[in-house]
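Structure first, commentary second.
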Amino acid sequence: MLQQTRVATVIPYWERWMARFPTVQALAVAPLDDVLAAWAGLGYYSRARNLQKGAQHVVDSWRGELPRQAGELRAIPGIGPYTAGAIASIAYGERAPLVDGNVARVLARVFGIAHDIKSTIGQRVLWERAGELMSALPADAAPGNLNQGLMELGATACAPTGPRCLGCPLASHCVAARDGRQAELPVVAKRKRVDELPVIERELLWIEQGGAIVLVRRAATSGLWAGLWELPEVGHVDATFAPAAAFVAHHDQVLSHRRLRVRVRVATLATLVVPTDPTYDRIERVALADAADLGIAAATAAILRKYQDAPWATVTRSAAPDVAEPRARSRTRSARPRRARRARCTRTRRSSSTAAGRGPRRAGRRRRADRRR
Ligand code: SF4
């Protein structure tokens, strides 16, 4: 819960989570819908899914008791080498190394590691160096303290820019400080620019009747959005469109290696038809007031928020032509009524969401809150 999220934000989520799932057994047997609903608002739903898979593994293989060795912890879904090393060394005193982003920066500078720290070879060298430090630890020293010391050093003195080498306890052993290479190390390969990422286009349907909308659920095995609810896609439901139905909203989102571009069209529906697409397993009419309590994909959540701010009914048909590329939209923007502009555009980076056209303070608040998720 705390990854990329502030403690103050997490506390109410943590309290609700522990009240709903007080034991590892309770989490293991809970319906996935309940797990995702309890996580709703924190984003990165794969963590919630992995927590439950991990709980199921611990119940099935370890009788509900978390194992204590890093090698055993690694076998639990959702626990990677860093988390396994942290639990084993800090909680149980095992001489298990760990490498997170802060430790990688410290080690790359101290040892002068010239490999990209995200590359396979870079990771191998970092873990080897961390292991050597752990092996050299005196017999009466606490392994958890070494790991926590390295993490703390990276979080404080050995900052990404402007490291404070004068007061650093490792200064006399540090290659980067000796050679004045702090700005060069660690080596990190450049990420692709957002506009270089491939685009996935999706067209979703807003089917509303009597205060309820139609949502479909991704099957539990369908990858990134597994178990999450979404607006249905064209082709998933037996929908008809109002004559010349325009797009009423759009949403842009940057995923890890792709961009997602979603457009939303209003449609009507006679009967609910189970999606033939095997990546979906359920379709429901959900009261608008209850939708936020479900585990909802970020794009649909952003569109729901936008609707709450400016329902589509307030957008005149003539003011809402089909949505084109964002650049083309911005060129024609001043020609459209402000309210229509507000009703149509949401944009997120990763799972964050920003409503273009909202007041800048409000959009800024939303951006900052979502970045923390
Ligand atoms: S001496 Fe400077 S670069 Fe080296 S570990 Fe310490 S803070 Fe980082």
Seminar exercise, completed: residue 170 vs (1) closer than 18 Å to residue 112 by Cβ; (2) more than 8 Å from the ligand (Cβ to nearest atom): all pass except (2)
For this session: Being farther than 30 Å from residue 175 by Cβ and either among the hydroxyl-bearing types (Ser, Thr, Tyr) or not assigned by TED's automatic domain parsing to the domain that holds residue 148 (or both) narrows it down to one of 119, 61, 89, so name that one.
Result: 61
Problem set entry | Check on residue 13, surrounded by 14 or more Cβ atoms within 10 Å (Cβ to Cβ), touching a residue at least 12 places away in the same chain (Cβ under 8 Å), in contact with a Ser or Thr (Cβ under 9 Å, 6 or more places away or on another chain) and not in a loop (DSSP other than H, G, I, E, B) | yes
Problem set entry | The lone exception for residue 271 - which of (1) modelled with pLDDT of 75 or more; (2) of a type in the set (S, T, N, Q); (3) surrounded by fewer than 16 Cβ atoms within 10 Å (Cβ to Cβ) it fails | (1)
Exercise. Do we have residue 77 as part of a loop (DSSP other than H, G, I, E, B) and without any contact (Cβ under 8 Å) to a residue 12 or more places away in the chain here?
Worked result: no
Exercise. What is the residue count in region 164-187 for residues that are among the hydrophobic types (A, V, I, L, M, F, W, C) and in a helix (DSSP H, G or I)?
Worked result: 6
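Every residue, every condition in (1) touching a residue at least 40 places away in the same chain (Cβ under 8 Å); (2) polar (S, T, N, Q); (3) touching a Phe, Trp or Tyr at 6+ places or on another chain (Cβ under 6 Å); (4) on the phi < 0 side of the Ramachandran plot, yes or no:
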| residue | (1), (2), (3), (4) |
| --- | --- |
| 107 | yes, no, no, yes |
| 113 | yes, no, no, yes |
| 116 | yes, no, no, yes |
| 120 | no, yes, no, yes |
| 149 | no, no, no, yes |
| 157 | no, no, no, yes |
| 169 | no, no, no, yes |
| 172 | no, yes, no, yes |
Exercise. How many residues does region 42-56 hold that are at pLDDT 95 or above and over 11 Å from residue 27 (Cα atoms)?
Worked result: 0
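For region 216-231, which residues satisfy the criterion of being crowded, with 16+ Cβ neighbours inside 10 Å and over 17 Å from residue 261 (Cβ atoms)? It would help to see each step written out before you state the result.
Here is the first cut: in region 216-231, the residues crowded, with 16+ Cβ neighbours inside 10 Å are 216-219, 222, 225-231.
Of everything in region 216-231, those that are crowded, with 16+ Cβ neighbours inside 10 Å and over 17 Å from residue 261 (Cβ atoms) turn out to be 216, 217, 218, 219, 222, 226, 227, 228, 229.
Residues being within 19 Å of residue 282 (Cα to Cα) and either charged (D, E, K, R) or out of contact with any strand residue (DSSP E or B) (no Cβ under 7 Å at 6 or more places or on another chain) (or both): count how many of those fall in region 21-70. First the steps, then the outcome.
Within region 21-70, the subset within 19 Å of residue 282 (Cα to Cα) is 30-37, 40, 45, 49.
Filter once more, keeping what is either charged (D, E, K, R) or out of contact with any strand residue (DSSP E or B) (no Cβ under 7 Å at 6 or more places or on another chain) (or both): 30-37, 45, 49.
Going through region 21-70 one residue at a time, the tally reaches 10.
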Exercise. Residue 185 passes all but one of (1) assigned by TED's automatic domain parsing to the domain that holds residue 97; (2) out of contact with any Cys (no Cβ under 9 Å at 6 or more places or on another chain); (3) surrounded by 13 or more Cβ atoms within 10 Å (Cβ to Cβ); which number fails?
Worked result: (1)
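The values are calculated or read from the model by the stated rules, or taken from the named source; none is laboratory data. The structure displayed is predicted, hence computed values, not measured ones. All Cβ positions, glycine included, derive from the backbone under ideal geometry; neighbour counts span all protein chains shown.
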